[in-house]
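Novice: Please see the structure below; I have some questions.
Nothing in this text is a laboratory measurement; each read-out follows from the coordinates by a stated rule. A quick note: this is a predicted structure, and the numbers were derived from the prediction, not measured. Note that we place each Cβ from the backbone using ideal geometry, even for glycine, and neighbour counts take in every protein chain shown.
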Amino acid sequence: MRSTQPPAWLKPTVDFGPLAVFLAAYWKWGMLPATAALMAATAVVLILSLVLARKLALMPLVTAAVVGVFGGLTLWLHDDTFIKLKPTIIYGLFAVVIAGGLALGKPAVKAVLGEAFQLDDAGWKRLSIHFCLFFVAMAATNEVVRRVASDDLWVLWKVPGSIAATFVFMLTQMPLILRHKVEEEVSGAE
């Protein structure tokens, strides 16, 4: 009998697997082979996700499209500027989508995190504003690092640095999440 739930390891593998492959390939072979490895690993995790979860989440799909375009340009033109622009583009897209959702009164963050957290409307709005500003800051930081730092420093910023920044950001949001948390309704309760 088949389980309807995808395995617990799938989401972290989809989210972080291609980055780990990129980092390892960069240290072993350099930027262009690492870009090819990132593209291949991204395709593999999307196929894995489709097979095991029977669906593709929107964020990994958008990321895969941007990796395909910018990775392809990097390899075709032998210019690592394009792969270094990828995080700026992705963070910028996320910020624009979140800002657009706020403008329309539909917090995009709720669509992504709504299964993990149940917040009141004010909480989703504030969390969306925070995420929008975070993604703008991440895009700006990537632009500064890619323009002034060495390839080694950019790679360290991209893989462990940006992941650590995201982790710290999420930790700083926990008070807001707890303050606006809505208890799930239990049938038969008062």
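Novice: Students often forget the sequence filter, so: which aspartates and glutamates lie under 12 Å Cα-Cα from Lys158 once same-chain residues fewer than 8 apart are removed?
Specialist: Reachable aspartates and glutamates: Glu143.
Novice: Using a cut-off of 13 Å between alpha-carbon atoms, which aspartates and glutamates can reach Lys55, once sequence neighbours fewer than 8 places away in the same chain are excluded?
Specialist: none
Novice: Taking the alpha-carbon distance from Lys11 and a cut-off under 12 Å, which aspartates and glutamates remain once sequence neighbours fewer than 8 residues away in the same chain are dropped?
Specialist: Output for Lys11: empty list, no partners.
Novice: Loop sites only, by DSSP: take the trypsin sites (Lys or Arg not before Pro) in the chain that have at most 12 other C-beta atoms within 10 Å and name the longest stretch containing none of them.
Specialist: It runs 56-190.
Novice: Suppose only helical runs count, i.e. DSSP H with n ≥ 4. What mean residue ellipticity at 222 nm does that imply for the chain under -39500 (n - 2.57) per run, divided by all residues and rounded to the nearest 500 deg cm²/dmol?
Specialist: Computed ellipticity for the chain at 222 nm equals -25500 deg cm²/dmol.
Novice: Which pairs, out of Lys28/Lys110; Lys28/Lys125; Lys28/Lys86, put more than 32 Å between their alpha-carbon atoms?
Specialist: Lys28/Lys110; Lys28/Lys125
Novice: Further question: Placing +1 at every Lys and Arg Cβ and -1 at every Asp and Glu Cβ, with all other atoms neutral, what dipole size does region 80-182 have around its Cα centre, in debye to the nearest 20?
Specialist: For this selection, approximately 220 debye.
Novice: Relative contact order of the chain: what whole-number percent is it, with Cα pairs under 8 angstrom and at least 6 residues apart?
Specialist: The normalised contact order for the chain reaches 18 percent.
Novice: Something else now. Given (i) 21.5; (ii) 16.9; (iii) 18.1, which label gives Kirkwood radius over Cα pairs in Å as computed from the coordinates?
Specialist: (iii)
Novice: If amide hydrogens are placed 1.01 Å from N in the peptide plane, which non-local residues have theirs closer than 5 Å to the one on Leu119?
Specialist: Val182
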